[in-house]
Structure formats: C-alpha cells, structure tokens
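The values are calculated or read from the model by the stated rules, or taken from the named source; none is laboratory data. Everything numeric here is computed off the predicted structure, so don't read it as measured data. Here the Cβ positions follow ideal geometry from the backbone for every residue, glycine too, while neighbour counts run over all protein chains shown.
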Amino acid sequence: MIPSPAERYELLKGFARALFQNDMDALYKIVTSDFLWSFHDGLATSKALAGPAAIREHLAGQKALFSAQRFHEIAYHHAGEVTFMTFRVSETLRVSGEQREQRGIERYTFRDGMLAAKDVYRKPVTP
C-alpha cells in the first residue's frame, strides 16, 4: 500500500521528529525493518545506513561535526509512488567555524504504508 500525500506528510513529519530526537524506537514505527538511508553529502562522503545502530552513529557524527545545522526552504513533492523533498541546509563546522550552504533533494519510497528508503543528494551553493 502506497500512502496518500496526506499520509506521507504525517509519516515524514514523524520521521523528522524521531531523527531530531534521536529516538530509534519512534523511527522504526515509521520505517520498514529493512529501511535504507543512502546519501552523498555534496562534497566527499557517500554512505548507506541500514539499521538503528548505523543511523544512531550517523546522527552522533553529525552532532560532533557541526555546531549548527539548519534545514530551511523545505518543500515536499508527491509524484506517483515516491515523494521528493527539496531543501537548503546551513551548516557550521564545529572545529573551524566554517559555514557552508547546500541545496538538496531527498527521494522517499514507501512500502506497506511505511517509509522504505531515503536517498539524499546535496550540492554546495555557490556564491
């Protein structure tokens, strides 16, 4: 079953809340047991995260890397069986204080009324 756009919005809202609270129990009520999160950070890092431990480790790494990370200009686009989220993210590197801006797109797929995959693509915003 593919959720309706309204159901997808609620899933994605719960997904974001669980991530920002680092709550893997809440997250795994929204995603499939084989949920896969893959991404490229727009610079040099590509990862595939499978399972709560990998996601928890990634979130801890992000917290250690950035003193600030803010997502804005978020918009959801529902297309057939997938949903795309476009965004802009502002980040400040903890060690150097360097600030960077990136634009990105996330592609979400669904299965059995849950999130099955999240693919993230980013690129730096050039001045």
In region 1-19, anything touching a Leu at 6+ places or on another chain (Cβ under 8 Å), within 30 Å of P124 (Cβ to Cβ) and in contact (Cβ under 8 Å) with a residue 24 or more places away in the chain is listed as L11, L12, F15, L19
- Could you tell me whether region 46-67 includes any residue that is in contact with a Phe, Trp or Tyr (Cβ under 8 Å, 6 or more places away or on another chain) and of a type in the set (D, E, K, R)? yes
Cβ pairs under 6 Å, 6+ apart or interchain, first in region 30-47 and over 19 Å from L12 (Cβ atoms), second modelled with pLDDT under 90 and surrounded by fewer than 15 Cβ atoms within 10 Å (Cβ to Cβ), ordered by first then second residue, are H40/S46; G42/K123; G42/P124
Only one of (1) exposed (fewer than 14 other Cβ atoms within 10 Å of the Cβ); (2) over 19 Å from G113 (Cα atoms) does not apply to I55, and that is (1)
Check whether at least one residue in region 20-27 is closer than 30 Å to T126 by Cβ and surrounded by fewer than 14 Cβ atoms within 10 Å (Cβ to Cβ), and report yes or no. yes
Screening T83, T109 for residues that are in contact with a Phe, Trp or Tyr (Cβ under 9 Å, 6 or more places away or on another chain), at pLDDT 90 or above and polar (S, T, N, Q) leaves only T83
Filter region 23-52 for residues that are over 11 Å from the mean Cα position of the chain (by Cα), closer than 20 Å to M85 by Cβ and among the polar types (S, T, N, Q); the one that is modelled with the lowest pLDDT is T45
Scanning region 77-105 for residues that are touching a residue at least 40 places away in the same chain (Cβ under 8 Å) and part of a strand (DSSP E or B) gives H78, T83, M85, Q102, G104
Within region 106-121, restricting to residues that are in a strand (DSSP E or B) and of a type in the set (D, E), the one that is surrounded by the fewest Cβ atoms within 10 Å (Cβ to Cβ) is D119
For A53, the lone unmet condition from (1) on the phi > 0 side of the Ramachandran plot; (2) out of contact with any Asp or Glu (no Cβ under 9 Å at 6 or more places or on another chain) is (1)
